[in-house]
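The structure under discussion appears below in the form of structure tokens.
The values are calculated or read from the model by the stated rules, or taken from the named source; none is laboratory data. What you see is a predicted model, and the numbers here were worked out from it, not measured in a lab. Here the Cβ positions follow ideal geometry from the backbone for every residue, glycine too, while neighbour counts run over all protein chains shown. For accessibility, only protein heavy atoms count, side chains too; no ligands or nucleic acids. Shrake-Rupley method; radii C 1.70, N 1.55, O 1.52, S 1.80 Å.
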Amino acid sequence: MKTLDRFRGPRISVDNDRCEVYGICVWEAPALFQLDRDGRLRYRRQLEDADFAQAAAAARCCPMQAIVLRGMSDE
């Protein structure tokens with residue numbers, strides 16, 4: 001089975017069952033995470049090289065450990 005291009009490379013994954021929408025990720029990485037008016041978390045899944053530091057900070061600071069960075073190395 002061929003992997004789709006949109007799933008290659010570094011990306012963010014959020015476990016919605018763990019996320020309590022505290023919004024710390026929005027403060028750490030505003031270019032990647034946003035809270036909608038309805039309280040839902042939106043985020044950009046694909047990462048560019050310039051996004052890695054903010055994405056790593058958001059993952060580190062998430063009190064629920066709901067943010068995971070994937071595709072950072074050969075998996």
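Taking trypsin sites (Lys or Arg not before Pro) in DSSP loop conformation with at most 15 other Cβ atoms inside 10 Å as exposed sites, the chain has its longest uninterrupted site-free stretch at 46-75.
Tally Lys/Arg at +1 and Asp/Glu at -1 over every other residue whose Cβ is under 13 Å from the Cβ of A53; what's the total? Local charge sum for A53: -3. When the surface is traced with a 1.4 Å probe over the full set of protein chains, M72 keeps roughly 90 Å² accessible. Per-atom-type breakdown for the stretch 11-70 gives carbon and sulfur 47% of the accessible area (1.4 Å probe, protein chains only).
Along its first, second and third principal axes, ordered by size, the stretch 11-70 spans 30, 21, 16 Å in Cα coordinates.
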